[in-house]
Amino acid sequence: MRQLVELQLKSTSIKDITNGYPLILKEAIENSDLTIEEGSLLRLVDKNNGYVATGYYGIQNKGIGWVLTRKEKETIDLKFFVKKLGEAIRKRANYNESEDTTAFRVFNGEGDGIGGLTIDFFNGFYMASWYSEGIYSFRKDVYTALNEVVNTRGIYEKLRFNRNGQYVEQDDYVSGEKGEFPLIVKENGMNYAVDLNDGAMTGIFLDQRNVRKALRDKYSEGKTVLNTFSYTGAFSVAAALGGSIGTTSVDLAKRSLPKTIEQFAVNGIDYESQDIKVMNVFDYFSYAARHDLKFDVVVLDPPSFARTKKMTFSTAKDYPKLVKDALKITNDDGIIIASTNNASFNMKKFKTFIDKAFKETNTRYKILEEHQLPEDFAVPHNFPEFNYLKVVFIKVMKPGK
Ligand code: SAH
């Protein structure tokens, strides 16, 4: 039987929870030193034991659980999950009907009412990502609900939490048809190869869909494009399909080479006409400067933290330096596409990093576009801090203009 634990909210936290704040922070609880089992249901109450919300207990990097409902009579059972998944899928009807795009997020955690769980659609297959042992304890009901509300070709899953403190490499297959990988999905008419059973990542970050489209449609024709931290080269593919006269993809991971070749190949692009470098981006910046290489478009999409033998990089600290490095090898009138998925700062702060880099190099700039999460990555109303993606398209102005 699932435990039910009553937790008293601090009076200062009640309003947020009532207004839709979905995360249960340890600091929000009066009696927070209780030992609670992962997956327990939490009855959140005020100091007079008055009902505020129901949640579940699941430790993530932030918070100790998520609110599931603010209705006292609503029970957390199969019917609840059918309702939540059904609502989420109906909201995305336009994606379901698109032939041009066959990969998108079906369920986005707290934005769809269940923090700690996301579900992505890949050409008939569904992939669930579980962010705590607590939410994973609801697995059976969630999969039953999913099969009730959609026809799944097959289901895969990723465990994004450590079991007994250890990351477990597992077979991600759950049920239905077994996929043949790479599976080809479409995104605004472009092909992408994905593998749902090959470690933590799939080959494509679906949240950058609109950025890839903008790059292809408006910034690539006749341009040279440098894609740093390129992973499987998804941005390079978009640039090549948009008419770029040459893309360069740079990533440290050895696997990025075959994976990038594959992404070009499934789009009928001769990879030999494109440059793919397996190397440290910071070494590449020096290499490019030494060889007088300059680009019309530079994409910056670093991980929030990166550690190599020689250095550590943190977006929160080092982004201005990254933009400065990029500026040295960007043509006048060129474009820098600066991206980060670091949730610890917002768009306003991100823009101050960009501004700092341009000020310190006496370079003028103009912001042409801004992107955050696309529509399918739903974010709770009134709480933009859950909208972690920030992408800014910056035009580097010619000196004296
Ligand atoms: N831009 C990619 C996603 C980047 S994921 C896309 O749109 O698909 C981050 C990537 O940065 C990983 O592939 C990782 O291997 C790479 N990486 C991390 N540190 C790096 C470094 N110092 N130099 C080059 N690549 C790095």
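The values are calculated or read from the model by the stated rules, or taken from the named source; none is laboratory data. A quick note: this is a predicted structure, and the numbers were derived from the prediction, not measured. Glycine also receives a Cβ, built like all others from the backbone with ideal geometry; neighbour counts cover every protein chain displayed. To get the accessible areas, we keep the full protein, side chains included, count just its heavy atoms, and leave off ligands, DNA and RNA. Shrake-Rupley method; radii C 1.70, N 1.55, O 1.52, S 1.80 Å.
Assess whether residue 333 counts as being in contact (Cβ under 8 Å) with a residue 40 or more places away in the chain, away from the ligand (no atom under 14 Å from the Cβ) and under 21 Å from residue 358 (Cα atoms).
yes
Select from segment 196-205 the residues that are touching a strand residue (DSSP E or B) at 6+ places or on another chain (Cβ under 8 Å) and surrounded by fewer than 21 Cβ atoms within 10 Å (Cβ to Cβ) and write down the one among them that is farthest from residue 395 (Cα to Cα).
197
Taking residue 99 as the residue in question, decide whether it is touching a strand residue (DSSP E or B) at 6+ places or on another chain (Cβ under 9 Å) and not in a loop (DSSP other than H, G, I, E, B).
no
Under 6 Å between Cβ atoms, at least 6 apart or on separate chains: pull out the pairs that start in segment 261-289 with a residue that is over 20 Å from residue 237 (Cβ atoms) and end on any residue that is open to solvent by 50 Å² or more (accessible area, probe 1.4 Å) and assigned to a helix (DSSP H, G or I).
From residues that are over 20 Å from residue 237 (Cβ atoms), the pairs are 289/328.
When the residues of segment 126-162 are narrowed to those that are surrounded by 23 or more Cβ atoms within 10 Å (Cβ to Cβ) and in contact with a Gly (Cβ under 6 Å, 6 or more places away or on another chain), which ends up farthest from residue 79 (Cα to Cα)?
132
Name the one entry in 385, 370 that is assigned to a strand (DSSP E or B) and among the acidic types (Asp, Glu).
Only one candidate qualifies: 370.
Do we have any residue at all in segment 248-255 that's open to solvent by 30 Å² or more (accessible area, probe 1.4 Å), more than 7 Å from the ligand (Cβ to nearest atom), more than 16 Å from residue 187 (Cβ to Cβ) and in the same structural domain as residue 312 (by TED's automatic domain parsing)?
The answer is yes, given that some residue of segment 248-255 is open to solvent by 30 Å² or more (accessible area, probe 1.4 Å), more than 7 Å from the ligand (Cβ to nearest atom), more than 16 Å from residue 187 (Cβ to Cβ) and in the same structural domain as residue 312 (by TED's automatic domain parsing).
Just checking, which of 17, 76 is within 22 Å of residue 111 (Cα to Cα), open to solvent by less than 70 Å² (accessible area, probe 1.4 Å), in a helix (DSSP H, G or I) and of a type in the set (A, V, I, L, M, F, W, C)?
17
Are any of the residues in segment 369-386 open to solvent by 40 Å² or more (accessible area, probe 1.4 Å), at pLDDT below 95 and within 23 Å of residue 329 (Cβ to Cβ)?
Within segment 369-386, none of the residues are open to solvent by 40 Å² or more (accessible area, probe 1.4 Å), at pLDDT below 95 and within 23 Å of residue 329 (Cβ to Cβ).
So which residues in segment 282-312 are in a loop (DSSP other than H, G, I, E, B) and either loosely packed, with under 13 Cβ neighbours inside 10 Å or more than 9 Å from the ligand (Cβ to nearest atom) (or both), if there are any at all?
Of everything in segment 282-312, those that are in a loop (DSSP other than H, G, I, E, B) and either loosely packed, with under 13 Cβ neighbours inside 10 Å or more than 9 Å from the ligand (Cβ to nearest atom) (or both) turn out to be 291, 292, 293, 294, 304, 308, 309, 310, 311.
So which of 239, 193, 265 ends up being of a type in the set (Gly, Ala, Ser) and open to solvent by 10 Å² or more (accessible area, probe 1.4 Å)?
Matching residue, one of 239, 193, 265: 265.
Look through segment 214-229, keep the residues that are in contact with a helix residue (DSSP H, G or I) (Cβ under 7 Å, 6 or more places away or on another chain) and open to solvent by 10 Å² or more (accessible area, probe 1.4 Å), and return whichever of them is farthest from the ligand (Cβ to nearest atom).
216
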